[in-house]
1. Among the residues of region 194-234, which ones are touching a residue at least 40 places away in the same chain (Cβ under 8 Å) and of a type in the set (F, W, Y)?
2. Would you confirm, using the coordinates I've provided, whether D179 is charged (D, E, K, R), open to solvent by less than 50 Å² (accessible area, probe 1.4 Å), over 30 Å from A255 (Cα atoms) and part of a helix (DSSP H, G or I)?
3. Evaluate the following for L33: is it at pLDDT 90 or above and either exposed (fewer than 14 other Cβ atoms within 10 Å of the Cβ) or out of contact with any strand residue (DSSP E or B) (no Cβ under 8 Å at 6 or more places or on another chain) (or both)?
4. Need the failing condition index for R207 against (1) within 20 Å of F64 (Cα to Cα); (2) buried (at least 17 other Cβ atoms within 10 Å of the Cβ), just the number.
5. Would you call V109 surrounded by fewer than 16 Cβ atoms within 10 Å (Cβ to Cβ) and farther than 24 Å from V199 by Cβ?
6. Condition first: closer than 30 Å to G204 by Cα, under 31 Å from the mean Cα position of the chain (by Cα), surrounded by 11 or more Cβ atoms within 10 Å (Cβ to Cβ) and at pLDDT 95 or above. Can you find one or more residues in region 253-266 that meet it?
7. Within region 125-178, how many residues turn out to be under 30 Å from R224 (Cβ atoms) and not aliphatic (A, V, I, L, M)?
8. Tell me whether region 240-247 contains one or more residues that are within 22 Å of A115 (Cβ to Cβ), under 19 Å from the mean Cα position of the chain (by Cα), crowded, with 16+ Cβ neighbours inside 10 Å and not β-branched (V, I, T).
Amino acid sequence: MDSSFDSSGIARPLAPVRPLPEAAARQAQAVPLRVRKSRWPARLDLLQSASGLFLALFLVGHMFFVSSILISKDAFYAVARFFEGAYFLAEPRPWLVSGVVGLVLTVFVAHAWLAMRKFPANFRQYKVFAEHKAQLRHGDTGLWWIQLWTGFALFFLGTVHLYGMLTQPELIGPYESADRIWTGNMWPLYLLLLFAVEVHGSIGLYRLALKWGWLEGRDPAATRRRLRVAKTAFSVFFLGLGLASLLAYVQLGIAHADKAGERYVPQRAAAVKLGELEFAVSRRPGG
């Protein structure tokens, strides 16, 4: 029998080794198979990127559409009626605009929900990340932090704007939009929305390009620098264009404040109506 010696040098028999239970023994002897990881996190990440790219491209088109007021009131009126189908249907259909806005609003909410997966879930996680960011002092981490807060602001500011366009698509025009911005006191909201959406969008496109390797060159550091320059140029250009457009609407709203609620009639259409009126007057009985 096996024995062991204690401190006194006296041999003592070893305690018998108890065998493992049969189930535990089989589990210990079994070689673990390859664990298959879920693909859903990657799929959701891809959907977040795709929805963000869609919204960024819509933002670019929307900004050029809105800034047509800088050309003339007639130019903005023509663009607004184009999206209502006035040039290829018998008459304008404002519900077409509501359909497009409804699609954008759906993608907007879905993108916000997908992005919330990466937000700090509680104050403890927020504190840990804030400390980590302060110690790391990494530029792209700081940009993600800015994107988080601008996205949080957009969830409220953007929803208000989209809801108004969804429910009142017929009130898109030079006078109508200017009255909403100035007489309706919406200009503070649009000013905050402009900064939030342009900063959020430029950072989002920059991070998408880094994440998926767009415009990637041989030197990653040089590629990152070029993308940062492009991000800054994007923000400066569209912020300048947005501020100039908002100022034009404010000035038009101030000038039109005493006639708030009046619909805009293009100069050409007004001339036609005036000609019809003159013709009708000249044909009056006894005229």
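The values are calculated or read from the model by the stated rules, or taken from the named source; none is laboratory data. Nothing here was measured: the structure is a model prediction, and the numbers come from that model. Heads up, the Cβs are rebuilt from the backbone with ideal geometry, glycines too, and the neighbour counts pull from every protein chain shown. All accessible areas refer to the heavy atoms of the entire protein, side chains included, with ligands and DNA or RNA removed. Shrake-Rupley method; radii C 1.70, N 1.55, O 1.52, S 1.80 Å.
1. F195, Y206, W212, listed by residue number.
2. In short, no.
3. For L33, the condition - at pLDDT 90 or above and either exposed (fewer than 14 other Cβ atoms within 10 Å of the Cβ) or out of contact with any strand residue (DSSP E or B) (no Cβ under 8 Å at 6 or more places or on another chain) (or both) - is not met.
4. (1)
5. For V109, the condition - surrounded by fewer than 16 Cβ atoms within 10 Å (Cβ to Cβ) and farther than 24 Å from V199 by Cβ - is not met.
6. no
7. 23
8. no
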